[in-house]
Amino acid sequence: MPVLGKTRKDVIKEFRTAELLEAARRLFAEQGFHATTVEDIAAAAGVAKGTVYLYYKSKHDVYWAALERGITELLHEIQTRLAAEAAPEDKVRAFIAIKIRYFEMNRDFFRIYFSELGSGFSHPTQMPPQFEQMYLQQARILEAALQQGIQQNVIREIRTDTAAVAISDLIRGIIVQRLLGWSTKDVESDIRFVFDLVWRGVAA
């Protein structure tokens with residue numbers, strides 16, 4: 001019987017794939033892509049190996065699906081939080097804080113995110129097109145906040161598209177430092193540092 005437009009089969013599929021992707025995300029982070037097998041993923045999710053192939057053609061497809069699930073979660077949080085902020089300054093601060101805190105709380109996910117986006121940008125043909133779009137979608141949300149700031153005269157005239165991508169890359173750099181243990185500061189200190197650096201650079 002349909003539930004909110006979904007059949008029982010749809011609900012079961014969503015539940016099953018969520019379990020598989022959570023198990024895969026954890027294993028890929030702990031063991032790496034090559035050391036993780038489909039059998040490992042199936043065992044961690046408590047299903048038969050054939051169940052994995054019922055939803056995904058290969059281990060690589062599982063890998064990308066796990067990555068996409070995490071990026072989708074992050075994008076949704078960014079959209080929700082920034083929509084709730086009124087001032088451009090608060091939107092920029094929220095964008096920085098959300099990304100740093102998210103990856104701090106999901107370090108296993110970030111290991112996948114960074115390694116795959118890194119190789120994807122070096123070899124674009126390896127990256128499914130939706131990932132480039134999702135990355136740019138995050139930047140466009142920030143760009144809209146920067147444009148709002150220019151209209152309100154709290155941000156100087158800048159190339160908002162380039163600035164949004166540059167700020168995103170700066171945030172990613174800080175996250176890498178934290179992951180590698182190069183930053184000895186607490187999360188909130190790094191958030192304040194990045195925001196101060198960015199805002200001093202764009203403020204009118």
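The values are calculated or read from the model by the stated rules, or taken from the named source; none is laboratory data. Just so it is clear, the structure is predicted and the values come from calculations on it, not from any experiment. Neighbour counts are summed over all protein chains in view; Cβ atoms, including those assigned to glycine, are modelled from backbone coordinates with ideal geometry.
Return the pair list, or none, for Cβ contacts closer than 6 Å from residues in segment 187-204 that are within 17 Å of T160 (Cα to Cα) to residues that are loosely packed, with under 14 Cβ neighbours inside 10 Å and of a type in the set (K, R), at least 6 apart or on different chains.
Partner pairs satisfying both residue conditions: A204/R156.
Scan segment 138-160 and report the pairs whose first residue is over 13 Å from V198 (Cα atoms) and touching a residue at least 24 places away in the same chain (Cβ under 8 Å) and whose second residue is of a type in the set (S, T, N, Q) and assigned to a helix (DSSP H, G or I), with Cβ atoms within less than 7 Å and a gap of 6+ or a chain change.
Q138/S168; A139/S168; I141/Q79
Just to be sure before I move on: is F33 in a loop (DSSP other than H, G, I, E, B), over 30 Å from R200 (Cβ atoms) and outside the structural domain of F103 (by TED's automatic domain parsing) in the structure I sent?
Spelling it out, F33 is indeed in a loop (DSSP other than H, G, I, E, B), over 30 Å from R200 (Cβ atoms) and outside the structural domain of F103 (by TED's automatic domain parsing).
Filter segment 150-176 down to residues that are of a type in the set (K, R) and under 21 Å from Q138 (Cα atoms) and give me whichever is surrounded by the fewest Cβ atoms within 10 Å (Cβ to Cβ).
R159
Of the residues M134, M127, M105, which is at pLDDT below 70, among the hydrophobic types (A, V, I, L, M, F, W, C) and out of contact with any strand residue (DSSP E or B) (no Cβ under 9 Å at 6 or more places or on another chain)?
Only one candidate passes the filter, namely M127.
Among the residues of segment 177-186 satisfying the criterion of being of a type outside the set (K, R) and exposed (fewer than 15 other Cβ atoms within 10 Å of the Cβ), which is modelled with the highest pLDDT?
Checked segment 177-186; the qualifying residue modelled with the highest pLDDT is D186.
Do you know which of the residues in segment 83-93 that are surrounded by fewer than 19 Cβ atoms within 10 Å (Cβ to Cβ) and in a helix (DSSP H, G or I) is farthest from the chain's Cα centre (by Cα)?
It comes out as E89.
Of the residues that make up segment 42-65, is at least one closer than 25 Å to L136 by Cβ, of a type in the set (A, V, I, L, M) and assigned to a helix (DSSP H, G or I)?
Looking for residues that are closer than 25 Å to L136 by Cβ, of a type in the set (A, V, I, L, M) and assigned to a helix (DSSP H, G or I), one finds at least one in segment 42-65, hence yes.
Taking segment 35-68, which residues are touching a residue at least 60 places away in the same chain (Cβ under 8 Å) and either surrounded by 17 or more Cβ atoms within 10 Å (Cβ to Cβ) or in contact with a helix residue (DSSP H, G or I) (Cβ under 6 Å, 6 or more places away or on another chain) (or both)?
Listed by number, the residues that qualify are W64, L67.
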